[in-house]
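Report on the structure given below.
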Amino acid sequence: MLNEIAHFSLNVALGFAVFGTIIPLLGATLGRSSWMQLAPILSMLQFLLVAFAFGVLTVAFVRSDFSLRVVVSNSHTLKPMLYKIAGVWGNHEGSLLLWVLILTLFAACAAFFGKTLPQSLLARVLGVQSSITAAFLAFVLFTSNPFTRVEFPPFNGQGLNPLLQDPGLAFHPPFLYLGYVGLSITFSFAIAALLEGKVDAAWGRWVRPWTLAAWIFLTIGIGLGSWWAYYELGWGGFWFWDPVENASFMPWLISAALLHSAIVVEKRDALKAWTILLAILAFGFSLIGTFIVRSGVLTSVHAFANDPERGVFILMILGVFFGGALFLFALRASAMDSKGVFATVSRESALIANNLLLAISCFVVFVGTVWPLVAELLMDRKLSVGPPFFNIAFTPFIVALAVILPIGSTLPWKRAKRTHLSRLWPVGIFCLACVGLTWTMQTGRSLIGPVGLGLGVWLVMGVLIELYQRTGRDVGKWKRLKRLPLADWGKATAHAGLGITIFGVAGITAWQVEDIRVMEIGDSATISGFTVTLDNVEDLRGPNYLTTMADIELSRNGSFLANLHPERRYYPVAEMPTTEAGIDSGLWRDVYVVVGDAQPEGGYAVRTFIKPLANWIWTGAIIMALGGLLSLFDRRYRVGSVATRRDIKEVDA
Amino acid sequence: MKKILWILGMVVWAGLAQAVEPSEVMSDPVLEDRARSISQGLRCLQCRNESIDESNAGIAKDLRILVRRRLVEGDSDTEIMDYIVARYGEYVLLRPNGLGINLVLWMAGPLLFLIALACLLSVQRRSKRSISTQALTKEEESEINNILSSGS
């Protein structure tokens, strides 16, 4: 019964979404205040109805209600509770419902926090947002209904992909979706601005928190996914340039660019058309990402839906919203003339360079991701584009970005002199010295390690220098530092986080040591100073799997470090094996041990990796997200009544 | 029934090999290094997006052994790559070659970068010119002088 009510409430929500699109948008065009006033209420109602449906689906998973088809194919009574709940979004139908839930959640938030917005702008934002909700609700109801019943409910379900039974992955999709879908509200703001024909500093200020929030969620989501891949997939890679990963990485890059260009709109009244375009592109790439993942058009490690009909539906949504938005942009962009002028060497220019590099690196990822499809369609060539391509084509732009970052962030607005950079010179020279030193010290002679290391140091030191400069020349430095706005602390933290991530990526890529060997029980081996001893191997049973667990002692120079328990698991319900690595995490290195098959001649295959600076990658990501969070809580976003101030000039179309 | 399932499970499980196995590793570390870097550039044909170096599939193992056998016979890296591409098609290359339409793929980033640079330069030139031509007219200047002198 509950399931039917939930199904029905989704239908009603679709109705409200259609109304919520037509009435506010018409009202804003005709200037009818009473019509526009309906927008927030309609948005809230959509959210409540979808939240109810999502709650019911969650209950169905928790109770293992096998009368629902999704529950049958994605759950099992033996599964731990956490993964029963995670199972709600661990499948196509449920994850799309989550997508819609977040769409309406953001609309409701915009309605709630947007009371200070001009009425017509708010109505348009919510109207556009409702139209996206309507499209996706129709998609859910017509092609992927989570409330489809089975005629004869079975006694038990068919389990869940055991790879996904993991805390890291349980929370990976919700964060990613919060990020993806969070960009929808920026998109709605952009379209509303195009409809209004007006982009001003206040607009930049309203858009930035939403972009920031979406970016934070994306950062956390991508970080979690990468961390999961690292410890779960069994060879300790952290990034695979898989189409599905790229699908989340492209919106991240564009939203990072958008974050920066929105500052220019807000503070300097320039780069307006470009910022609007970025807002459209950011959500456009989210839609492309959804299309890639949901249609399975580029099959990859973690695509779990393969249905061409659904793909066509999403392609239509993509075409209508992305194409329509770009068309509207082409019509109206010329009206967005920028007032602020600036010199060639200024922070504005540096931010343009930032945007350029981020946008191009995103474009490279995009071309690489869709290339196999394009080549097959146009030239009938079946080919692959893998990590070697991306490493070569993508890295130079990110290196350039990291090189200009500290320079750009110390430059003043409008016009800069050489003296502004005086303190950065010594740091730059120091970093070059670091690069040279590591280059001569290392044995492998690859360039990635030293350059990445130097860049990491450059970014972090650049942040410190900038903070130092902000304190001024006189006494009371600490007081000044304390009084810096939170946004500045956020900026410093996020930039330092990027430096730390680059540091980690360089370390793990350049100086990883790998060892593969057969070990009998009692054998030990020494790999770059670490001694690994295979004490025991046991066959055990977990709650819903079988496991071969090794007991490995790790020591260094005779002193004990840790006991590691790498496993080989087998999940009989899903008929899938998985590897669980034994990891000893440390500040400077991870020791990563994987146990393999029993060998025919006796003993077990044991792979040991020494992974330098591994943790820095995800620590950096967390710090970046933290920086975003600090910035989000800056006072100027909370004091929301900027709109009514007179001194903000508006540019009419 | 359940017991059979467990046993079946164990059989399937044991059948699954791991990426690079100890028995495959060559005694010459230099050759082994080359083998690893070659196999990191070759795609496992059965898998979704894995190189033969990472994959557990049987065909990946066969290819790894093939690569090593050719290395022992003294082939160069490119000879081995050509040998495998000739048999399995360019689909196995994780780093696509720059031939034909693939040139677009490789040049896309750098070209866009150059185009964007050119656009920026022209915009900057135009804005400089527009700023420099916005000098004050004589009337404006005298008006300003009036305002300034009356204010003091």
Given the conditions (1) buried (at least 19 other Cβ atoms within 10 Å of the Cβ); (2) within 30 Å of A:THR548 (Cα to Cα); (3) of a type in the set (Val, Ile, Thr); (4) within 10 Å of another protein chain (Cβ to nearest Cβ), every one holds for B:ILE52 apart from (4)
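Mind telling me which of the residues B:LEU66, B:LEU71, B:LEU42 ends up being more than 22 Å from A:ASP242 (Cα to Cα) and buried (at least 20 other Cβ atoms within 10 Å of the Cβ)?
Selected residue: B:LEU71, the only one of B:LEU66, B:LEU71, B:LEU42 that is more than 22 Å from A:ASP242 (Cα to Cα) and buried (at least 20 other Cβ atoms within 10 Å of the Cβ).
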Taking the range A:382-418 on its own, how many of its residues are within 7 Å of chain B (Cβ to nearest Cβ) and not in a helix (DSSP H, G or I)? 5
Meets criteria (in contact (Cβ under 8 Å) with a residue 40 or more places away in the chain and either under 30 Å from A:PRO572 (Cβ atoms) or of a type in the set (D, E, K, R) (or both)) for A:SER33: no
Among the candidates B:GLY100, B:GLY89, B:GLY74, residue that is on the phi > 0 side of the Ramachandran plot and more than 10 Å from chain A (Cβ to nearest Cβ): B:GLY74
Consider B:LEU8 carefully, then state whether it is in a helix (DSSP H, G or I), facing chain A (nearest Cβ under 10 Å) and modelled with pLDDT under 90. yes
Could you please give the count of residues in the range A:25-38 that are closer than 9 Å to A:SER120 by Cβ and in contact with a helix residue (DSSP H, G or I) (Cβ under 6 Å, 6 or more places away or on another chain)? 3
From the list A:ARG32, A:ARG69, A:ARG63, which one is surrounded by fewer than 19 Cβ atoms within 10 Å (Cβ to Cβ), in the same structural domain as A:LEU126 (by TED's automatic domain parsing) and farther than 19 Å from A:VAL150 by Cα? A:ARG32
So A:LEU78 ticks every box in (1) in a helix (DSSP H, G or I); (2) over 20 Å from A:ALA279 (Cβ atoms) but one. Which box is left unticked? (1)
Out of the residues in the range A:230-243 that are in a helix (DSSP H, G or I) and surrounded by fewer than 24 Cβ atoms within 10 Å (Cβ to Cβ), which is farthest from the other protein chains (Cβ to nearest Cβ)? A:TYR231
Qualifying positions in the range A:540-562 - closer than 20 Å to A:ASP597 by Cα and either among the β-branched types (Val, Ile, Thr) or surrounded by fewer than 20 Cβ atoms within 10 Å (Cβ to Cβ) (or both): A:LEU540, A:ARG541, A:GLY542, A:LEU546, A:THR547, A:THR548, A:MET549, A:ASP551, A:ILE552, A:GLU553
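Name the single residue, out of those in the range A:560-590 being among the small types (Gly, Ala, Ser) and not in a strand (DSSP E or B), that is farthest from the other protein chains (Cβ to nearest Cβ).
So, considering only residues that are among the small types (Gly, Ala, Ser) and not in a strand (DSSP E or B), the one farthest from the other protein chains (Cβ to nearest Cβ) is A:GLY586.
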Scan the range A:591-609 and report the pairs whose first residue is more than 9 Å from chain B (Cβ to nearest Cβ) and at pLDDT below 85 and whose second residue is surrounded by fewer than 22 Cβ atoms within 10 Å (Cβ to Cβ) and part of a loop (DSSP other than H, G, I, E, B), with Cβ atoms within less than 9 Å and a gap of 6+ or a chain change. A:GLY602/A:GLU520
Could you count how many residues in the range B:16-49 are touching a Ser or Thr at 6+ places or on another chain (Cβ under 7 Å) and away from chain A (no Cβ under 11 Å)? 1
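Here's a check for you: in the range A:452-480, which residue that is of a type in the set (A, V, I, L, M) and out of contact with any helix residue (DSSP H, G or I) (no Cβ under 7 Å at 6 or more places or on another chain) is farthest from A:TRP616 (Cα to Cα)?
The extreme case among them is A:VAL475.
Looking at A:LEU357, A:LEU351, which is the one that is within 11 Å of another protein chain (Cβ to nearest Cβ) and touching a residue at least 40 places away in the same chain (Cβ under 8 Å)?
Being within 11 Å of another protein chain (Cβ to nearest Cβ) and touching a residue at least 40 places away in the same chain (Cβ under 8 Å) holds for just one of A:LEU357, A:LEU351, which is A:LEU357.
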With respect to A:LEU253, is the statement that it is away from chain B (no Cβ under 14 Å) and part of a helix (DSSP H, G or I) true? no
crowded, with 17+ Cβ neighbours inside 10 Å, not hydrophobic (A, V, I, L, M, F, W, C) and not in a strand (DSSP E or B): is that true of A:THR531 in this structure? no
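Residue check: is A:VAL341 crowded, with 21+ Cβ neighbours inside 10 Å and within 9 Å of another protein chain (Cβ to nearest Cβ)? Break it down into steps so the answer makes sense when it comes.
Working: crowded, with 21+ Cβ neighbours inside 10 Å: no; within 9 Å of another protein chain (Cβ to nearest Cβ): yes.
Taking the combined requirement at face value, the residue does not satisfy it.
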Considering only the range A:353-369, I want to know if a residue exists there that is of a type in the set (A, V, I, L, M) and farther than 30 Å from A:SER384 by Cβ. yes
Kindly list the number of the only condition in (1) crowded, with 24+ Cβ neighbours inside 10 Å; (2) of a type in the set (A, V, I, L, M); (3) within 29 Å of A:SER585 (Cβ to Cβ) that fails for A:LEU224. (1)
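The values are calculated or read from the model by the stated rules, or taken from the named source; none is laboratory data. This one's a predicted model, so the numbers in the text were calculated from it and none came from an experiment. A quick note on method: Cβ atoms are made from the backbone with ideal geometry, for glycine too, and the neighbour counts reach across all protein chains shown.
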